[in-house]
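Novice: Once you've had a glance at the structure underneath, I'll fire off some questions.
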Amino acid sequence: MQLPARTGLIALRALIASQLVIHGSYRLLTGGATPFGGRLGELGLPFGVMIAWAITLTEIAGGLTLIAGRLVRPLTAWFAIQLLTGIALVHGREGWFVVGGGRNGM
């Protein structure tokens, strides 16, 4: 049975959105938003803790919204910018693979 290309795109969107929900939830459940905010402050960003909480909650709520198929274009643009910024500021220099939370790979 041949599935339409749209089905594959929906599945891909749901998979990536699920990873964003997991990423934000892990940070939330392990108390990592405040230390993440401190790290953003060390990088020179003002209001680092507030930014970290906004990112954490956006990953969870925005990921669930993407899974539901709502606000797809603005959220994917936001997440693309967020993830590329994270790679540029933190994760890129640590290499590709991550083993365990807090290892900073991409």
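Novice: Looking only at segment 12-51, count every residue that is touching a Ser or Thr at 6+ places or on another chain (Cβ under 7 Å) and either open to solvent by less than 50 Å² (accessible area, probe 1.4 Å) or under 23 Å from VAL72 (Cβ atoms) (or both) and tell me the total.
Specialist: 3
Novice: Only one of LEU84, LEU9, LEU3 is loosely packed, with under 12 Cβ neighbours inside 10 Å, more than 14 Å from the chain's Cα centre (by Cα) and assigned to a helix (DSSP H, G or I); which?
Specialist: Of LEU84, LEU9, LEU3, the one residue that is loosely packed, with under 12 Cβ neighbours inside 10 Å, more than 14 Å from the chain's Cα centre (by Cα) and assigned to a helix (DSSP H, G or I) is LEU9.
Novice: Kindly list the number of the only condition in (1) assigned to a helix (DSSP H, G or I); (2) surrounded by 13 or more Cβ atoms within 10 Å (Cβ to Cβ) that fails for ALA77.
Specialist: The number of the failed condition is (2).
Novice: Please enumerate the residues belonging to segment 52-66 that are open to solvent by less than 20 Å² (accessible area, probe 1.4 Å) and among the hydrophobic types (A, V, I, L, M, F, W, C). Outline the logic, then answer.
Specialist: Pass one, segment 52-66, residues open to solvent by less than 20 Å² (accessible area, probe 1.4 Å): 52, 56, 59, 62-63, 66.
Listed by number, the residues that qualify are ALA52, LEU66.
The values are calculated or read from the model by the stated rules, or taken from the named source; none is laboratory data. It should be emphasised that the depicted structure is a prediction, and the values quoted were computed from it without experimental measurement. FYI the Cβ positions are ideal-geometry reconstructions off the backbone, even for glycines, and counts take in every protein chain you see. Side chains included, ligands, DNA and RNA excluded: accessible areas come from the protein's heavy atoms. Shrake-Rupley method; radii C 1.70, N 1.55, O 1.52, S 1.80 Å.
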